[in-house]
Structures are given as C-alpha cells and as structure tokens.
1. Among Y80, Y168, rank each residue by its count of other Cβ atoms within 10 Å, from fewest to most, as a rough exposure measure.
2. Could you tell me which of the pairs K6/K172; K132/K219; K125/K172; K132/K172; K15/K132 are separated by over 20 angstrom between their Cα atoms in the structure shown?
3. Which value, in Å to one decimal place, does the Kirkwood hydrodynamic radius take for segment 119-246 when every pair of different Cα atoms is included?
4. Which of D38, D230, D84 moves the most in a Gaussian network model of the chain with Cα springs under 10 Å?
5. Could you give the alpha-carbon Rg of segment 7-237 over 2.2 N^0.38 Å, rounded to two decimals?
6. What number, rounded to the nearest 500 deg cm²/dmol, is the helix-based mean residue ellipticity at 222 nm of the chain, given -39500 (n - 2.57) per DSSP H run of at least four residues and division by all its residues?
7. Output ³J(HN,Hα) for segment 225-237: one whole-Hz value per residue in order, computed from phi by the Karplus curve 6.51 cos²θ - 1.76 cosθ + 1.60 with θ = phi - 60°, and x for Gly and Pro.
8. Can you give the net charge of the other residues whose Cβ lies under 9 Å from the Cβ of I7, counting K and R as +1 and D and E as -1?
Amino acid sequence: MAETKKIALVTGANKGIGFEIARQLGQQGIIILLGVRDQGRGEAAVQQLQAEGCEVSSVALDVTDQASINAAAAFIDSTYGRLDILVNNAGISIPAGRVASGELDINVLRAVYETNVFGAFAVTKAMLPLLKRSEAGRIVNMSSEMGSLSMQSDQASPISQLPPLLAYNSSKTVLNALTVAFANELRTTAVKINSVSPGFCATDLNGRRGFLSAEEGAKAVVPFALLPTDGPTGGFFSREGNPLPW
C-alpha cells in the first residue's frame with residue numbers, strides 16, 4: 001500500500017543515470033514516479049521497470065515549465081498526499097557551451113541554467129510541502145566534481161585541466177549553493193538534502209565518453225536517497241560517499 005511504501009520522484013528518469021536510480025530504488029520496494037518530458041519514452045521506461053517487478057508510473061514533468069511542475073506536484077498530492085524522496089537528476093550540457101569562457105554565448109549559459117539551476121530550484125520548491133509530510137524526506141541534487149570551485153582553481157587538480165565548460169560547471173556550483181541554502185532552511189525538519197557527484201558516467205549528456213556505467217553512477221546516489229535519521233545534510237559528496245571540497 002502507498003501508506004507504507006516510500007514514494008520517490010526522479011526527474012529526467014526515462015534514461016541514463018536517472019533511469020538506473022529509479023530502477024535501484026524500485027528494487028527496494030519504493031514506489032517510483034518517473035518525471036519525464038517525453039511521454040512516449042517515459043512509458044517505454046515504465047514498461048521496462050514494471051517487467052522487472054518495480055512499482056512505477058510516469059509523471060509529465062518539464063523542469064523548465066512551471067505549469068508542468070505545479071501539475072506534477074498537484075498530482076502527487078492528490079494521489080499520495082506526500083513525497084518521501086526527490087532526486088533532481090534532470091540536467092543538460094550543450095555542445096555550444098564547450099568553448100572558452102570569453103566565447104560563450106550568453107543564451108547558452110541561460111539555457112543550461114534554466115534546466116540545471118532554475119529547474120532544480122523550482123521542482124524542489126514545489127515539492128517541499130509534500131516532502132515535509134514525510135517522516136524522513138530526502139532530496140538528492142545530482143551535482144559534479146566539476147562544480148567544485150576549489151578543484152577548478154587548484155592548478156594541480158585534473159579538474160582544472162579539463163576543456164572549458166563554464167555553463168555546465170558553474171551550474172553545478174550554483175546547484176551546490178542551493179543545496180546549502182535549503183539544508184539550512186530545513187534543519188529543524190525531517191527533510192535532508194545533499195549534492196552527490198555520480199562520477200564520470202557514460203551517458204548521452206557527455207556523448208558516452210565516461211568510464212563508469214549509469215548503473216555505477218546510480219549506486220552512488222541511492223544511499224543518499226535513503227539516509228538514516230543521523231545522516232548528513234547540506235553536504236557535497238563523491239561517488240564513494242566522501243565529502244568533496246566546495
């Protein structure tokens with residue numbers, strides 16, 4: 001029954017790491033809501049997970065569309081009355097953003113922030129009332145080591161030697177700032193929020209250049225969606241679960 005099972009919403013969940021997070025949570029008996037923009041792909045993902053024994057359905061959710069976000073929150077409210085887990089997984093990296101900072105088109109920067117920053121903020125804000133009704137609400141923001149200002153500015157760090165990705169990298173820096181801000185606001189509640197880097201996984205976002213699988217990346221995230229009462233909040237963690245420098 002929904003009253004006894006946890007309910008999780010994973011954004012951008014019809015493929016890649018988001019799909020694997022949904023699968024791994026579903027394998028633990030959690031009711032999964034796949035937040036998807038493309039209903040066709042969403043239903044295909046639902047059917048695959050249902051065939052594996054997961055209790056899952058899709059929810060129309062475009063993180064760049066406030067009306068879509070509001071409708072998703074209203075649906076979850078009327079259907080379940082609460083939300084136990086939110087994974088802000090939806091994210092983009094535009095090829096046009098892979099240029100020197102001085103050559104970056106501001107519209108590319110805006111587009112990346114629209115999904116990676118404003119989308120995560122809008123979804124979190126809309127779902128907070130539902131998460132506060134949970135006995136142990138958990139929010140996981142999908143971040144990246146490339147969002148670490150300490151690592152970017154350390155000339156001895158491999159991160160500082162990577163090709164320029166101002167739009168993507170800085171969007172994850174701001175996402176981390178959102179994590180800290182919400183954690184401070186929620187410290188007197190049962191809701192915990194953390195940023196987690198899944199590592200360099202082979203996904204469509206990076207042209208499948210990563211050396212880790214989406215399944216391996218998801219394994220880094222799931223424990224933070226299921227944190228115990230004494231677990232951390234307001235942190236930034238590596239795929240191994242170790243604290244990362246801001």
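Coordinate-derived values only; no laboratory data. Please read these numbers as outputs of a predicted model, since none were measured by experiment. Cβ atoms come from the backbone with ideal geometry, glycine included; neighbour counts cover every protein chain shown.
1. Result, fewest neighbours first: Y80, Y168.
2. Correct reply: K6/K172; K132/K219; K132/K172; K15/K132.
3. Hydrodynamic radius (Kirkwood, Cα only) of segment 119-246 equals 15.2 Å.
4. Ranking D38, D230, D84 by mean-square fluctuation puts D230 first.
5. 0.97
6. My calculation for the chain gives -12500 deg cm²/dmol from helical runs alone.
7. With coefficients 6.51, -1.76 and 1.60, one gets 7, 10, 4, x, 4, 8, x, x, 9, x, x, 10, 10 Hz.
8. Summing Lys and Arg as +1 and Asp and Glu as -1 gives +2.
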